[in-house]
Amino acid sequence: LTGSLAMDNAKSGDDLDLMIVTKSHTLWLTRLFIIPLFRIFFKTRFPQKQQPQNNDAICLNLWLDTQSLTVPPSKQNLYIAHEVLQIKPIFNRGTTYEHFILNNSWSSSYLANAYKSITLKFTPLPQDTNQDFFLSVFIRLLSLLNFLSFKLQYFYMKPKITREYVTLHSAYFHPRDLSSKISRHLKQRYT
């Protein structure tokens, strides 16, 4: 859970922002199945729709696979550090949340106390185990299918992309650049 609801700061009618983290090389395959299911069972936010249609809708606006848990350097700023550290895990398989926070230790340079408070609760993370031969072959097959799924979905999305950040291992569907807006506001206020 991300955004205003994760901070207990949501207003009536705000959408519900969710971050989905998948195993490495499965993001676009997972997305291919999850989006239709969410649209069948929940009110979801559609791309480029204005706010009135989005009231109380689920917004799947952040997709990562475990290979890309670190926020890209171009997005690392005070606003994003706040967003990273406010995330509330709803389902946390295999210490994914802990790995996400630790992979974004850069956020401690902006919000040291918040980062420390969160990471103090972590227990030592288990070490990765070696994969057997059949599992590694299966992962290679998944990787190929995921790549084809990425190409298909990216081809569909490309005409609609504005400021979104989309790669094979991550998708940040945030068309408004709130980071720059908030940074400008803080500079004006405190300089």
**Q.** For LEU111: the one exception among (1) closer than 21 Å to TYR165 by Cα; (2) in contact with a His (Cβ under 8 Å, 6 or more places away or on another chain); (3) modelled with pLDDT of 90 or more
**A.** (1)
(Q) Pull out all pairs, ordered by first then second residue, where Cβ-Cβ is under 7 Å, the residues are six or more apart or on different chains, the first lies in the stretch 18-39 and is small (Gly, Ala, Ser), and the second is open to solvent by less than 50 Å² (accessible area, probe 1.4 Å) and modelled with pLDDT of 90 or more. (A) SER24/ASP65
(Q) Restricting to the stretch 57-77, count the residues that are open to solvent by 20 Å² or more (accessible area, probe 1.4 Å) and in a loop (DSSP other than H, G, I, E, B). (A) 6
Q.
List pairs: first residue in the stretch 72-87 and under 19 Å from THR167 (Cβ atoms), second residue not small (Gly, Ala, Ser) anywhere in the structure, Cβ distance under 7 angstrom, at least six positions apart or on different chains.
A. PRO72/TYR165; GLN76/TRP106; ILE80/VAL71; GLU83/THR2; VAL84/VAL71; VAL84/ASN104
Q: Can you tell me which residue among PRO36, PRO72 is within 16 Å of the chain's Cα centre (by Cα) and at pLDDT 85 or above?
A: PRO72
Q. Between residues in the stretch 106-133 that are farther than 18 Å from LYS88 by Cβ and residues that are open to solvent by 100 Å² or more (accessible area, probe 1.4 Å) and modelled with pLDDT of 95 or more, which pairs lie under 8 Å by C-beta distance while being six or more apart or on different chains?
A. SER108/LYS116
Q: Kindly indicate the residue of the stretch 1-39 that is closer than 21 Å to VAL84 by Cβ and polar (S, T, N, Q) and also most open to solvent (accessible area, probe 1.4 Å) among those meeting that condition.
A: ASN9
**Q.** Subset tally (residues that are loosely packed, with under 12 Cβ neighbours inside 10 Å and closer than 17 Å to LEU60 by Cβ) for the stretch 150-162
**A.** 2
Q: Quick one: in the stretch 117-149, of everything that is part of a loop (DSSP other than H, G, I, E, B) and open to solvent by less than 70 Å² (accessible area, probe 1.4 Å), which residue is modelled with the highest pLDDT?
A: PHE122
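The values are calculated or read from the model by the stated rules, or taken from the named source; none is laboratory data. Note that the structure is a prediction, hence the values are computed from the model and not measured. Heads up, the Cβs are rebuilt from the backbone with ideal geometry, glycines too, and the neighbour counts pull from every protein chain shown. These accessible areas exclude ligands, DNA and RNA; they are computed on the full protein's heavy atoms, side chains included. Shrake-Rupley method; radii C 1.70, N 1.55, O 1.52, S 1.80 Å.
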